[in-house]
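Heads up, the thing below is written out as structure tokens.
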Number of protein chains: 2
Amino acid sequence: MDAEPSKNHIRNVVKQISFLLSPRTIAVIGASRTPGKIGHEILRNIVEYGFKGKVYPVNPNADEILGMKCYKSVLDIPDEVDMAVVVIPAQFVKEAIEQCGKKGVKAVAVISSGFGEVGKVKEEKEIVETAHKYGMRLLGPNIVGVYYAPIMLNATFGPRDVRVGNIAFITQSGALAIALMGWTILHDIGLSAIVSLGNKADIDDGDLLYFFEQDRNTRVILIYMEGVKDGRKFFKACKRVSLEKPIIVLKAGRSERGAIAASSHTGSLAGSDIIYDAAFKQTGVLRAKDIQEAFDWARAFASIDPPKREGVVIITNGGGAGVMATDACEENGLKLLEIPEDLARKFRECMPPFGSTKNPIDLTGQATDEKYEEAIRIAMMDERIGGIIAIYCHTAITDPVKLSHAITRAVYETGRLKPITVCYIGGERCYKGMKVLNEANIPAYPTPEQAVSAMAALYKWARFIKKEKAAKTSPKS
Amino acid sequence: MDAEPSKNHIRNVVKQISFLLSPRTIAVIGASRTPGKIGHEILRNIVEYGFKGKVYPVNPNADEILGMKCYKSVLDIPDEVDMAVVVIPAQFVKEAIEQCGKKGVKAVAVISSGFGEVGKVKEEKEIVETAHKYGMRLLGPNIVGVYYAPIMLNATFGPRDVRVGNIAFITQSGALAIALMGWTILHDIGLSAIVSLGNKADIDDGDLLYFFEQDRNTRVILIYMEGVKDGRKFFKACKRVSLEKPIIVLKAGRSERGAIAASSHTGSLAGSDIIYDAAFKQTGVLRAKDIQEAFDWARAFASIDPPKREGVVIITNGGGAGVMATDACEENGLKLLEIPEDLARKFRECMPPFGSTKNPIDLTGQATDEKYEEAIRIAMMDERIGGIIAIYCHTAITDPVKLSHAITRAVYETGRLKPITVCYIGGERCYKGMKVLNEANIPAYPTPEQAVSAMAALYKWARFIKKEKAAKTSPKS
């Protein structure tokens, strides 16, 4: 591979993206008075979500929108403008960007569609050139907007009540961005950022990786992509950034037919999936197989630190669930610890005589929340254990919400020494219990396989980091 | 393989199981006055769930429980007793079964634990011999009970509000039975039966298959197992029954380590997973990889008929979701139909000019519920299409609940000519919309992969049936 991008280059990219995601002032060019129109919804989302900076609507045919003074042109705004959101028909976009340039705007997000995705490749190239002429970076076109939690910026036409968290979500598909905003709200998943990339005419995944690498609000980066335009640039960024923060990629267009569909959707040359797969592995990128898995992993990375050593222990009250988790561990490359005799003796105190101290540790259906708490404390404190997977099948004996408090105590009072993922199998009360855990930053899932897969993702990343560090300190390098 | 079981044998097994699942009268031996005790909870579940027959509590130390007269012994009950639920300490079980035999009870369900699973193999053998001496069949021991919807029988100590439906659920793990009862309630999945098999000392999966084959209330059979004791018997039953009804098996203990865990849990000799896998394939059994997948498939079979021909069409409003579904189709062996020109012209009417009539049919983010309805009507009516996968990414344009009504109209007014599975990606409103679909027997899922996997299960079973029929009518046989 050729030389790494220079520090200066990276610093510059980060600065440019900062104007896009963290502007002090925004102009909404094409703001509309009509509810339901995209130019109205975006402005309303910005205002009502509680943007901490200033927002200026631009529309030559309106004096006031949502109680705010409206400007004929971005040039009329009596303030510096860091970022402009452009929501006007495609044929007027170039002129608007020209004016932004003259105004000294630093970055533009072009919501408008009708460019490369409908064959207007020349027009798309022209708006990028116009932006670059004035030193502006351009996001889009054909996007649903951007969201950035630290300044409460929701400049999208998606749902308003996005949960604040520390997962940065970058997506090539706008429809998925909006649909998944709703999905994350429902599943209590918090986001630090959402960036809809659209046609990626200028800003792409690679640029954003450098921004999120240094972003204190982001712990994990999740990317939905169908293809990359500049593979070399993207994987260089991955190689660097994944040493700092986990990057989860959901790459669609894996199959032959899927690649054709991707090319018809975003014009992505999906390329050979084998090559992508190899490049992901080499650069430490964690590849998820579907939306569910991607967010399951992201939830884990957002909540807990990766493991420091091998050796997982499964703690369960249901033998069947324990067997399923064991299968999943083997299939996901997780090593179950052989429980040494002294440790087995400790676990034996947490169960009736017919329990099992072989891994999975089976506390049996008689396990109370106290017994879970004891067992998890033991597992947290024992240095030979690297990670804990706790599984609970709903019984009449133990209330899931009470159990969640017990697990939380065990985890926090021992100092969160190692990662733990949890699975509750059951009905509504179990979902309430899992909510309590997730809010306490203990990732919880409704199936054993999900809890195992999340733990496995933590291990995969931890092993990558360890290997890279070893390579760097070895005499050869 | 040796000879098929005779018709007489099967008829006899069905009759025996009928006494267990569909008794007119039940004795609860070990009924208790103390809430929280298993002997109390089971009796209460039987009464409060609305059992259509008669129930008699048996307890020598009580005169009345839950307002019902209590009997000292099953022999004192002034009525015929079809089935007895036994909830007393292990050492008294044999004597109770002896009395059941004398009373003329037809089947016993032994909830009590403390037999084979704790090494008391001799005692377990004895209770079975005692039951057989009187011509009774025995379920268990070490179970959580049985549920059978047609007579509103909930003789379990699990949740009371199980949803009536047509999935029969057989499980070796009692903890999973109870946990998954709650889970099915939460996910609006209806069950015709739940049978906890426990130690399988007598009645096993094979016996139950024959019962559910002829059970008009059951459309699909779902089995959780860690191993079978009599593989020959089980797979003979599978071979026969899977020609009539789909059998979904979740077989844990796939991995080496999982098999060891299974053996420590239920004493199952898990056997080589490769052999199981081959036997499942040969007998048409659909093997699910986890709980989620098993119930996703069961929901589909419970709701809709399998496809009559190959050729699936994906209808979507989001290109990205379409690509993901396409990947999943290829990975699940589903053939996407190449859309012929005349059909493409029809679909073109349902979309703006930048939509796509290549499969996936992309109605674009502008798709309204009317456009979905039109497109699904077209797909339902076209004879070249075998199955439909409809995907919706939440947009501001279309309300998911309204969309569900539109889809339901399109499906029902065209006569439900072929299977359709649906995926809604989004937040709470999407879940409401999916609920409407599921209640209308149109299976709906929150991810494209699940909708595809369910359709693929329908196809797998349909292909098995077709192949078997062809083999039977070919000159060779």
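The values are calculated or read from the model by the stated rules, or taken from the named source; none is laboratory data. Remember, it's a predicted structure, so these values are computed and weren't measured experimentally. Note that each Cβ is placed from the backbone with ideal geometry, even for glycine, and that neighbours are counted across all protein chains shown.
Data overview
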read-out: Subset of the range B:63-87 (residues that are surrounded by fewer than 18 Cβ atoms within 10 Å (Cβ to Cβ) and in a loop (DSSP other than H, G, I, E, B)); value: B:D63, B:L66, B:G67, B:K72, B:S73, B:P78, B:D79, B:E80
read-out: Matching residues in the range B:386-417 - criterion: being closer than 20 Å to B:A344 by Cα and either in contact with a Lys or Arg (Cβ under 7 Å, 6 or more places away or on another chain) or not assigned by TED's automatic domain parsing to the domain that holds B:Q366 (or both); value: B:G386, B:G387, B:I388, B:A410, B:T414
read-out: The range A:185-210 - residue that is within 26 Å of B:G427 (Cβ to Cβ) and not aliphatic (A, V, I, L, M) and, of those, farthest from the chain's Cα centre (by Cα); value: A:G198
read-out: Residue list for the range A:409-444, restricted to those being within 14 Å of another protein chain (Cβ to nearest Cβ) and among the hydroxyl-bearing types (S, T, Y); value: A:Y424, A:Y431
read-out: Test: A:R44 is among the basic types (K, R), under 21 Å from B:A396 (Cα atoms) and more than 30 Å from the chain's Cα centre (by Cα); value: no
read-out: Candidate set from the range A:373-407 (those that are more than 31 Å from the chain's Cα centre (by Cα) and under 18 Å from A:A444 (Cα atoms)); member that is farthest from the other protein chains (Cβ to nearest Cβ); value: A:A375
read-out: B:V55, sole failed condition from (1) part of a helix (DSSP H, G or I); (2) modelled with pLDDT of 95 or more; value: (1)
read-out: Answer from A:G101, A:G36, A:G30 - the residue that is more than 14 Å from chain B (Cβ to nearest Cβ) and out of contact with any helix residue (DSSP H, G or I) (no Cβ under 6 Å at 6 or more places or on another chain); value: A:G101
read-out: Counted residues, the range A:280-325 - those being within 14 Å of chain B (Cβ to nearest Cβ) and in a strand (DSSP E or B); value: 6
read-out: Qualifying positions in the range B:365-386 - β-branched (V, I, T) and either crowded, with 19+ Cβ neighbours inside 10 Å or in contact with a Cys (Cβ under 6 Å, 6 or more places away or on another chain) (or both); value: B:I376, B:I378, B:I385
read-out: Qualifying residue in the range A:350-369 (condition: without any contact (Cβ under 8 Å) to a residue 40 or more places away in the chain and under 18 Å from A:G433 (Cβ atoms)); value: yes
read-out: Residue among A:R11, A:R44, A:R24 that alone is closer than 21 Å to A:D205 by Cβ and assigned by TED's automatic domain parsing to the domain that holds A:D204; value: A:R11
read-out: Filter result (free of Cβ contacts under 8 Å to residues at least 24 places away in the same chain and either more than 10 Å from every other protein chain (Cβ to nearest Cβ) or more than 22 Å from B:A288 (Cα to Cα) (or both)) within the range A:326-349; value: A:E338, A:E341, A:D342, A:A344, A:R345, A:R348
read-out: Helices (runs of 4 or more DSSP H) within the range B:387-477 that include 2 or more residues buried (at least 24 other Cβ atoms within 10 Å of the Cβ), of a type in the set (A, V, I, L, M, F, W, C) and touching a residue at least 40 places away in the same chain (Cβ under 8 Å); value: B:448-473
